[in-house]
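Engineer: The structure is given below, and queries will be raised subsequently.
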Amino acid sequence: MLRQSLSSLEISTKGEGFDDITGAINGLIAASGLQLGSATIASQHTSCSLTINENADPRVLVDLAAFLRALVPPEGVRPISGQGERRAWVHDDEGPDDMPAHIRTALTCTSLVLPFQSGRLLLGTWQAVYVWEHRARPHRRRFSLHLLGE
Amino acid sequence: MLRQSLSSLEISTKGEGFDDITGAINGLIAASGLQLGSATIASQHTSCSLTINENADPRVLVDLAAFLRALVPPEGVRPISGQGERRAWVHDDEGPDDMPAHIRTALTCTSLVLPFQSGRLLLGTWQAVYVWEHRARPHRRRFSLHLLGE
Amino acid sequence: MLRQSLSSLEISTKGEGFDDITGAINGLIAASGLQLGSATIASQHTSCSLTINENADPRVLVDLAAFLRALVPPEGVRPISGQGERRAWVHDDEGPDDMPAHIRTALTCTSLVLPFQSGRLLLGTWQAVYVWEHRARPHRRRFSLHLLGE
């Protein structure tokens, strides 16, 4: 018989970078007693995101972060020509890393949905679920986990 | 006992920009009578998207739109070197704002899944759900809302 | 009465490009016997993605691929100034197309959730679901499909 379970997960990030939460999600699935179903992980923030990427070579995360930092830098938006000076962000009350964090969040994911089987996320061999902190400083981040299954 | 509900939501956009649909989604959740569960909002279009971002300072949306406009401009794709002239889009039957709208949609979200609790989306304090119109002119947009819960 | 169904889908990509899997997903929904509900399609890879875009003019996909190729090229990350030489990817063991594939995956979607009705995905007239292969060479790709409905 199908049933649902709602729980939450909090983590402390260390500033810009990645935290692997695959194990924590699997722990909450195990605690629910559900074996087969679908898991929704949703961030309650607008300056960090959830992403799935490689769990093996940590240099993947190095390049991924370097790319997004160059694409959405603290200096502001680039001119359409691609040349000349950037125009500073107009939303800058919380510092130069804040607006880039909102944009990086919009370009990635705020929620993820993944099937689970035998009480664990059904991921590929090389996949992990990461919290991607986009702010420069450490933040306390809260995620909700909704499970539907049996 | 778990049950589901499927409804739809239509809005008229005012051209490129954002419409906050958080209240409309909460209204449909309330109408369903469901208290706890998971909500899927899906766009039926390929030139507007759904996004979650800050609901407080409207300048966040100004910078967000300016960024995506510069990243995917009407002028076409930039050369890999980052310098020299852009090559015009090959798909241009519907005008210069059409192909950028398809790309901006691919870089953001066509569907969102969010848990709800006490009959309302379980969002963070600063989060709102927006329809992000990428076309220059106003459009009538249709979204489906699927609820699963009890 | 609500029930769930978990199945999988494998396809062979032909290298960088798009494969329309809308029909294959509808086939699996039909096989499940479910009429109304929600479908989660999840990729088990970190170098291809799932995306929804136009099913009519194939030039949309040409421009979309050209854009992402220029945005995340094999040559590496561009300097923040937008000028000068790119810095090569540090993760390059599997060739120059590998790291761009991971980044292109992070900028698009690894899983999609869509409602279905009358035994078919509830898509807009111009929408199709594509596997977007980001690696240069053909790959065998596996997706899980989780259905919840009745």
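The values are calculated or read from the model by the stated rules, or taken from the named source; none is laboratory data. Keep in mind the model is a prediction, meaning the values are calculated, not measured. Cβ atoms come from the backbone with ideal geometry, glycine included; neighbour counts cover every protein chain shown. The protein model used for the area step is the full one, side chains on, heavy atoms only, and it has no ligands, DNA or RNA in it. Shrake-Rupley method; radii C 1.70, N 1.55, O 1.52, S 1.80 Å.
Engineer: Could you count how many residues in region A:10-45 are buried (at least 18 other Cβ atoms within 10 Å of the Cβ), more than 25 Å from C:Ile41 (Cα to Cα) and β-branched (Val, Ile, Thr)?
Structural biologist: 1
Engineer: Which one of the conditions (1) free of Cβ contacts under 8 Å to residues at least 60 places away in the same chain; (2) of a type in the set (A, V, I, L, M, F, W, C); (3) buried (at least 17 other Cβ atoms within 10 Å of the Cβ) does A:Ile52 fail to meet, given that it meets all the rest?
Structural biologist: The single condition A:Ile52 does not satisfy is (1).
Engineer: Okay, moving on. Among residues belonging to region A:136-150 that are more than 10 Å from chain C (Cβ to nearest Cβ) and open to solvent by 20 Å² or more (accessible area, probe 1.4 Å), point out the one that is nearest to B:Trp126 (Cα to Cα).
Structural biologist: A:Arg142
Engineer: Please verify whether A:Val60 is farther than 25 Å from B:Val113 by Cα, of a type in the set (A, V, I, L, M) and open to solvent by less than 10 Å² (accessible area, probe 1.4 Å), treating the condition exactly as stated.
Structural biologist: Spelling it out, A:Val60 is indeed farther than 25 Å from B:Val113 by Cα, of a type in the set (A, V, I, L, M) and open to solvent by less than 10 Å² (accessible area, probe 1.4 Å).
Engineer: When you scan region B:93-132, how many residues do you find that are closer than 22 Å to B:Ser8 by Cα, touching a residue at least 24 places away in the same chain (Cβ under 8 Å) and not in a strand (DSSP E or B)?
Structural biologist: 6
Engineer: Tell me whether region A:61-70 contains one or more residues that are among the hydrophobic types (A, V, I, L, M, F, W, C) and facing chain B (nearest Cβ under 7 Å).
Structural biologist: Within region A:61-70, none of the residues are among the hydrophobic types (A, V, I, L, M, F, W, C) and facing chain B (nearest Cβ under 7 Å).
Engineer: Additional query: Going by the conditions given, is A:Trp126 under 23 Å from C:Ala101 (Cβ atoms) and surrounded by fewer than 23 Cβ atoms within 10 Å (Cβ to Cβ)?
Structural biologist: Answer is yes for this residue.
Engineer: Which of the residues that make up region B:72-88 are touching a strand residue (DSSP E or B) at 6+ places or on another chain (Cβ under 7 Å) and surrounded by 15 or more Cβ atoms within 10 Å (Cβ to Cβ)?
Structural biologist: Those that are touching a strand residue (DSSP E or B) at 6+ places or on another chain (Cβ under 7 Å) and surrounded by 15 or more Cβ atoms within 10 Å (Cβ to Cβ): B:Gly76, B:Val77, B:Arg86.
Engineer: Name the residue that is farthest from the other protein chains (Cβ to nearest Cβ), counting only residues in region C:98-122 that are out of contact with any Leu (no Cβ under 6 Å at 6 or more places or on another chain) and open to solvent by 40 Å² or more (accessible area, probe 1.4 Å).
Structural biologist: That would be C:Arg120.
Engineer: Taking the stated definitions as given, is C:Arg135 under 16 Å from the mean Cα position of the chain (by Cα), in contact (Cβ under 8 Å) with a residue 40 or more places away in the chain and outside any strand (DSSP E or B)?
Structural biologist: Here the answer is yes, as C:Arg135 does meet what is asked.
Engineer: To continue, here is another question. Among the residues of region B:1-43, count how many are more than 23 Å from C:Leu36 (Cβ to Cβ) and either in contact with a Pro (Cβ under 8 Å, 6 or more places away or on another chain) or part of a strand (DSSP E or B) (or both).
Structural biologist: Of the residues in region B:1-43, 9 are more than 23 Å from C:Leu36 (Cβ to Cβ) and either in contact with a Pro (Cβ under 8 Å, 6 or more places away or on another chain) or part of a strand (DSSP E or B) (or both).
Engineer: Of the residues in region A:29-48, how many are touching a helix residue (DSSP H, G or I) at 6+ places or on another chain (Cβ under 7 Å) and facing another protein chain (nearest Cβ under 9 Å)?
Structural biologist: 2
Engineer: Hey, any hits in region A:9-28 for a residue that's basic (Lys, Arg) and either within 7 Å of another protein chain (Cβ to nearest Cβ) or on the phi > 0 side of the Ramachandran plot (or both)?
Structural biologist: no
Engineer: Related question: Six or more apart or on different chains, Cβ atoms under 6 Å: show the pairs whose first residue is in region A:72-91 and among the charged types (D, E, K, R) and whose second is open to solvent by less than 60 Å² (accessible area, probe 1.4 Å) and modelled with pLDDT of 90 or more.
Structural biologist: Note: pairs meeting the criteria are A:Arg78/B:Ala70; A:Arg86/A:Gly76; A:Arg87/A:Gly76.
Engineer: Yes or no: A:Arg69 open to solvent by 40 Å² or more (accessible area, probe 1.4 Å), part of a strand (DSSP E or B) and not aromatic (Phe, Trp, Tyr)?
Structural biologist: no
Engineer: From (1) touching a Lys or Arg at 6+ places or on another chain (Cβ under 9 Å); (2) more than 21 Å from C:Pro74 (Cα to Cα), pick out the condition that doesn't hold for C:Asp93.
Structural biologist: So the condition that C:Asp93 fails would be (2).
Engineer: What about C:Gly76, is it within 12 Å of chain B (Cβ to nearest Cβ) and either at positive phi or at pLDDT 95 or above (or both)?
Structural biologist: yes
Engineer: C:Ser7 - would you say it is in contact with a Cys (Cβ under 6 Å, 6 or more places away or on another chain) and either open to solvent by 60 Å² or more (accessible area, probe 1.4 Å) or touching a residue at least 60 places away in the same chain (Cβ under 8 Å) (or both)?
Structural biologist: no
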